[in-house]
Amino acid sequence: MATSVDGRSSIASIPTAALRETLRQTMVMGLPETASERPTFYFEGEKTFADADLEGSPWDWTDTPTTDTGAAPIQVLCAYEFFSPLGRQGSFLTEVGEFNPTTVKVTMFEDEFNAVYGFTYMTIGPSDQRWYFRFYTPAIGLNDLTVYELHCVATGSD
């Protein structure tokens, strides 16, 4: 990630531009041919209502927001991996039992990460299943090639 630290240069001189392009081409190979079946990222944003309570909820639930900061859904080049409840555990305990939701890990580069930063949830394919953003792992890299991994969890069918 860093080219030098405390005056000490990186040992590797990797052609990161060519490597990034090769990895992006590999991501293309892993995506479905049909655009509607690829990951789509949604931004809910903040909604403001003219007549609302102290928490910002409208008094009349049929009111249209006066402002909505949500952005349009987008698709970006990425790789994703699905985990079933019996695989990597993301379980949590509640008063009514243990829940083991499905999760999706999404891997992408700098430009794509900046484009989806702040998304609320994502969908994949024709299903209406939503995977909500939970966290991203610390970025890893090779000199100026930075890789981001975002983790999303299903919270039920909406």
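Descriptive notes on the structure:
- The local environment of Glu21, defined by Cβ-Cβ distances under 14 Å, has a net charge of -2 under the rule Lys, Arg +1 and Asp, Glu -1.
- Electrostatic bookkeeping for Tyr148 treats Lys and Arg as +1 and Asp and Glu as -1; over the other residues with beta carbon under 9 Å from its beta carbon, the sum is -3.
- Environment charge of Ala139, counting only residues whose C-beta is closer than 10 Å and scoring Lys/Arg +1, Asp/Glu -1: -2
- Paramagnetic reach from Asn143 in the stretch 2-37 [backbone N under 19 Å; point 7 Å along Cα→Cβ]: 2-25
- Difference of contour (0.36 nm per residue) and Cα-Cα distance, Glu33 to Glu21: 2.4 nm
Only the coordinates and a few stated rules stand behind these numbers; no lab work does. Model, not experiment: these values are computed from the prediction. Positions of Cβ are generated from backbone atoms using ideal geometry, with glycine treated the same way; all protein chains shown enter the neighbour counts.
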